[in-house]
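Working notes for the structure below.
The values are calculated or read from the model by the stated rules, or taken from the named source; none is laboratory data. On a predicted model such as this, the values are computed, not experimentally measured, just so you know. Glycine also receives a Cβ, built like all others from the backbone with ideal geometry; neighbour counts cover every protein chain displayed.
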Amino acid sequence: MTSALDTSASQTDSQGLAAGVWQRIQDWLLSLVDRTNPILVKETRQALKSRQFVLTFLVTLLACWIASFAVVGIAGMDVFYVASGDRMLFVYFAILAFPLLLIVPYSAFRSLATEQEENTFDLLSITSLTSRQIVSGKLGSAVVQILVYLSAVSPCVAFSFLLRGVEVLTIVLLLSFYVLTSLGLSMLALMAGTLARVRYTQALMSVLLVIGLAIVFFASFPVTEEFIRDGYTSFRDSDFWIGCAATMTFYVTTFLLVHAATSAQIAFPSENRSTPLRRLMVLQQACFLGWVAVIPILEPSPQVLPIVVTIAVIMGGLYWYTIGTILTSEWPHLSRRVQRSLPQSTAGRVLLTWFNPGPGTGFMFAIANLTMIGSLGLAILAWVGAGTFKGAGVEQAVYLIVLGWSYVVIFLGVGRILIALMRRVLFVSMAAGFLLHAILLLLCCGVPQIIFLMTSSFSAGSEYSLLQITNPVWTLFRLMESGVFSVDGHILIIVLPAAALVVMLINLRSVAAELQYQRRSLPVRVAEDEAELHPLPIPGPANPWESPEEK
Amino acid sequence: MIDTRRPLIELKRLHRFFGETRAVDDISFEVYAGEVFGYIGPNGAGKTTSMRILATLDEPTYGDAFVDGFSVVDDPDRVRRRLGFMPDYFGTYENVNVEEYLDFFARSYGLRGNERLRSIDYVMDFTGLDVLASKPVNGLSKGMKQRLCLGRTMVHDPAVLILDEPASGLDPRARIELREMISKLAQTGKAVLISSHILTELAEVCDKIAIIETGRLLAVGTVDEISARSEAVSRVRLRTLGASQPLLDWLAARSDVTDIIVDGSLVTLNHDGGPQQQAELLKQIVEAGIEIVEFASKTKSLEDVFLHVTEGRVQ
C-alpha cells in the first residue's frame with residue numbers, strides 16, 4: 001500500500017514538474033512572440049491565410065516530388081550504380097530559385113506597395129514603430145517565407161546527397177548563396193518599394209524589379225550548374241575562401257547600408273537620416289581599406305600588385321563619387337531635432353562634425369574617405385617601388401590615383417556649387433541634385449568628345465589632346481592604356497590637383513557655414529518626458545550603516 | 001502625466017502651402033483636456049491638411065503645432081504616443097480579422113502582454129466589436145469598419161483623438177452611437193478634435209468649434225459665442241397674458257427693438273443685444289406691469305452660424 005502511494009506521489013510530482021517546465025516554455029515563447037516585430041507577426045498570420053503563399057508552397061513541393069520521381073524513374077536501376085546526385089541537386093535548386101529569387105523579393109516589394117495603395121502606410125507610420133522596425137518587420141517576413149520554402153525543398157536536397165556525386169560543402173554553400181541572394185534581393189525590393197510612392201512610379205518600379213529578378217533567376221542556373229560541377233575543386237584553394245570572405249564583407253556592409261537607406265526613406269523629415277548612413281559608409285570603407293591593406297600580403301608580386309591596387313582605387317573612386325553626388329545634394333539646413341544631437345566637445349566637433357547632415361560636410365566626408373583610399377594606395381605603391389615609384393606600372397598607378405582624386409574633388413565640388421546656386425531661386429530635391437551631377441559629368445565628357453570628333457579625322461581618333469582634360473573617362477583610360485606621356489601627364493599632374501584645391505577652397509566657405517551650427521538644448525517639455533520615461537536611478541546607501549531613507 | 005492647464009492640442013500660426021495654393025493659412029487655436037472641438041469648413045478648406053499635420057503625416061510650411069506640449073515637427077515620435085488619428089479612409093488589411101487587426105496596432109504602439117490583451121478587450125467592448133472578433137476586417141459593414149477604425153485610434157489610450165469625418169456615410173443610428181462614444185471619450189479627459197460636414201452632429205457633441213474656409217480661420221469659440229460675435233441682433237418671442245397692445249405701446253418707445261410682428265397675444269421682434277440685454281428687457285417689461293407668460297430667444301443653429309460666418313461662400 002505504502003509502495004503504491006509512493007509511486008502515485010512520485011508520478012504526480014513528475015507530472016507537476018513536467019507541467020511546470022511546459023508552462024515555463026510556454027511563458028517564454030509567449031514573451032518571445034510579445035517582443036517579436038509586430039509587422040512580422042501580422043504578415044506571418046496574413047501569409048498563412050493567403051492563397052498566393054499556399055499555392056506557391058504547394059507548387060514548389062509538388063515540383064520537387066515530381067522531379068524526384070521522374071529522375072529516379074528515368075535512371076531506373078542505374079540509380080544504384082551511377083552517381084546522379086549532382087543532376088538532382090541542380091533540378092532542386094532550379095525549383096528553389098523560383099520562390100526564393102522571384103516570389104519572395106517581389107512579395108517584399110508588393111508588401112510595401114500595398115501599404116501605400118490601401119492607405120495603411122499612414123496608419124503604420126503614426127504608430128510607435130520606428131522606420132527601421134518597419135523595414136526589419138517586412139524583411140523578417142521575407143526571412144520566414146524563405147525558411148518555409150527551404151523546408152519544402154530540404155528533404156529533396158538531402159535525397160540528392162544520398163544519390164552520391166555531390167559534396168556536403170557544395171550543398172551548404174549553394175543553400176547559403178540562394179538564401180543570401182534572396183535576402184539581398186528582398187532588401188533591394190523593399191528599397192524600391194519605399195522609392196515608389198505614387199501609382200505610376202510603383203508600376204514602373206514593379207516592371208523594372210520583375211525584369212531584374214528575372215535576370216537574376218535565369219543567371220542563377222549556369223552559376224549553380226558550374227558550381228555543382230567544378231565548385232569542389234576550389235574548396236582546397238585558399239584564394240576561394242579569401243574571395244568568399246571578401247564577398248561576405250561587401251555583402252554584409254552593403255546590406256546594412258541599403259537597410260539604413262530604406263529606413264531613411266520612410267523616416268519623418270526632421271529626423272537625422274544622414275548620420276547613420278555615413279557611419280555605415282565608414283564601416284564599409286574600413287572593411288574595404290582592410291582588404292586593400294592585405295593585398296601586398298596576398299599578392300606580393302611587384303608586377304601584379306600595382307594592377308590590383310589600381311583596380312581597388314578605381315573602385316573606391318567610383319564609390320565615393322557616387323556617394324558624394326548624393327551627399328552633396330542634401331539640404332543645407334539642419335532641423336531643430338538634428339541640432340539637439342550635434343557633437344558638443346572640441347574633439348567631437350573636430351572628428352564627428354563630418355557625420356552631420358549637409359552638402360558641405362558631405363563633400364568633405366566623401367573627399368576625406370577618398371583621400372584615405374588614395375593614400376593607402378600610394379603607400380602600398382611606395383612600398384613596392386621602394387620609395388622611388390620606379391616599379392613596373394607603379395608610375396602609371398600613382399598618376400591614376402592623383403588624377404582620379406582630383407577629378408572626383410572637382411566634379412563633386414563644382415556640382416555642389418551649382419546645386420547651391422540653383423537653390424537660391426528654386427527648390428532642388430536630392431534626386432534633382434543627383435541628376436545635376438550626372439548632367440555635369442555627361443557635359444564634361446560629351447562636349448570635348450563632340451568637338452574632337454568634329455575637328456579630327458577618324459584616323460587620328462586615338463590621339464589625346466588637352467581638350468579632353470574635362471573628360472575623366474577618356475583621360476584616365478588613356479593613362480592606364482598608353483602611359484603617362486600619352487595624356488601629357490606632366491601637365492595634368494600640375495593642372496588638375498591645382499584645380500581640385502581651388503574648388504575645395506571655394507567649397508570651404510559653405511562648409512564653414514555648416515560648422516556654425518551649435519547643439520540646441522532639449523525643450524523643457526521633452527526633458528520632462530525624458531525624465532518620466534527614463535528616471536535617474538535613486539542612489540543607494542553610501543555605507544552599510546546608512547539606510548536608504550537617510551539618503 | 002497630463003497637465004490640464006496646458007492645451008493638449010495647440011496650433012500656432014500654422015501654414016501649409018502646396019506651390020501657389022495656401023491650403024492652411026495662419027491658423028491658431030487650442031483644445032484642452034475633456035473638450036470636443038469641432039472643425040468645420042467646406043470641401044478643400046484645409047481641415048484634413050491641418051489634421052494630417054497634427055497627426056505628423058505632413059509638415060507645416062511655417063508655424064508649428066503641439067500635442068501635449070510636443071512639437072509635431074521636432075518630436076513626432078512623442079506626439080504619436082499621445083495621439084490617435086482616424087483619417088477619412090479605412091485602411092484595412094487582407095486576411096486579417098478584427099481581433100488580429102487591433103492586436104497588430106496594439107503591438108505597434110508598444111503594448112505588451114496583459115496590458116495589450118486588456119486594451120484590446122476594452123476597445124472591442126467600447127466599440128461593440130466583441131461579437132465580431134473573429135470576422136475578417138474586409139467583410140465588415142461601413143459602420144462596423146468605422147467602429148473598428150475608432151477602436152484602432154484609441155487602442156493605445158491616447159490623450160488626444162483626431163477624427164476626420166468620422167460620421168460620413170453612416171446611417172442615423174450609427175451616427176447617434178458614434179456621437180455617444182465621442183462624448184464618453186471626452187468625459188474620460190481626452191481632447192477630441194473632430195471634423196464633419198454634418199453640422200447638427202457637431203452642434204450636439206462639441207464644446208467649441210472652429211470655422212475654416214480657404215485655409216483661413218474665420219471664427220473660434222462656442223456656438224453661442226460665435227453667434228453673438230457674428231450677429232448682435234436676436235429674434236425674441238413673447239406671449240402676453242392678456243392683449244398684446246400694452247406691450248406694443250411700451251415697445252414702441254424703445255430703439256433696440258425692430259421688426260415687430262403680432263399674432264394675437266404672440267409678439268415676435270428683433271432685439272439688438274445679447275443674453276444680458278434680453279434679461280434686462282424682460283425685467284423692464286415686467287416692471288412696467290405687463291404680464292408675460294412666455295419669453296424665448298431663438299438660439300441660432302450651427303448651420304445658421306456657419307452660413308453667416310462663411311458668408312454663404314460654401315462650395
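Annotations
- Test: A:S329 is in contact (Cβ under 8 Å) with a residue 12 or more places away in the chain, under 20 Å from A:F434 (Cα atoms) and not basic (K, R): yes
- Looking only at the stretch A:516-542, and only at residues there that are among the basic types (K, R) and assigned to a loop (DSSP other than H, G, I, E, B), the one that is farthest from the other protein chains (Cβ to nearest Cβ): A:R519
- Condition check for A:R337: within 30 Å of B:L54 (Cβ to Cβ) and in a helix (DSSP H, G or I): yes
- Meeting the requirement of 2 or more residues that are within 13 Å of another protein chain (Cβ to nearest Cβ) and touching a residue at least 40 places away in the same chain (Cβ under 8 Å), the strands (runs of 3 or more DSSP E) wholly within the stretch B:1-94 are B:9-18, B:62-67, B:83-86.
- Within the stretch B:92-113, considering residues that are small (G, A, S) and crowded, with 20+ Cβ neighbours inside 10 Å, the one nearest to B:L148 (Cα to Cα): B:A106
- Within the stretch A:420-435, the set of residues being touching a Ser or Thr at 6+ places or on another chain (Cβ under 6 Å) and closer than 22 Å to A:P472 by Cβ comprises A:G433, A:F434.
- Unmet criterion (only one of (1) among the charged types (D, E, K, R); (2) more than 23 Å from A:T249 (Cα to Cα); (3) surrounded by fewer than 19 Cβ atoms within 10 Å (Cβ to Cβ)) for A:R279: (2)
- Scan of the stretch B:103-146 for residues that are aromatic (F, W, Y) and either at the interface with chain A (Cβ under 9 Å from one of its Cβ atoms) or over 15 Å from B:G84 (Cβ atoms) (or both), ordered by number: B:F104, B:F105, B:Y109
- When restricted to residues that are part of a helix (DSSP H, G or I) and over 29 Å from B:G189 (Cβ atoms), the stretch B:128-172 contains 4.
- Residues in the stretch B:73-112 that are among the small types (G, A, S) and in contact with a Lys or Arg (Cβ under 6 Å, 6 or more places away or on another chain): B:A106 only.
Matching residues to (1) under 28 Å from B:Y101 (Cβ atoms); (2) in contact (Cβ under 8 Å) with a residue 60 or more places away in the chain:
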site: A:T130; (1), (2): yes, yes
site: A:L139; (1), (2): yes, yes
site: A:L147; (1), (2): yes, no
site: A:A152; (1), (2): no, yes
site: A:L162; (1), (2): no, yes
site: A:L169; (1), (2): no, yes
site: A:L175; (1), (2): no, no
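- For the stretch A:196-213, filtered to residues that are in contact (Cβ under 8 Å) with a residue 40 or more places away in the chain and under 21 Å from the mean Cα position of the chain (by Cα), the residue that is farthest from A:P99 (Cα to Cα) is A:A196.
- Any chance A:W331 is assigned to a helix (DSSP H, G or I) and either surrounded by fewer than 19 Cβ atoms within 10 Å (Cβ to Cβ) or in the same structural domain as A:V511 (by TED's automatic domain parsing) (or both): no
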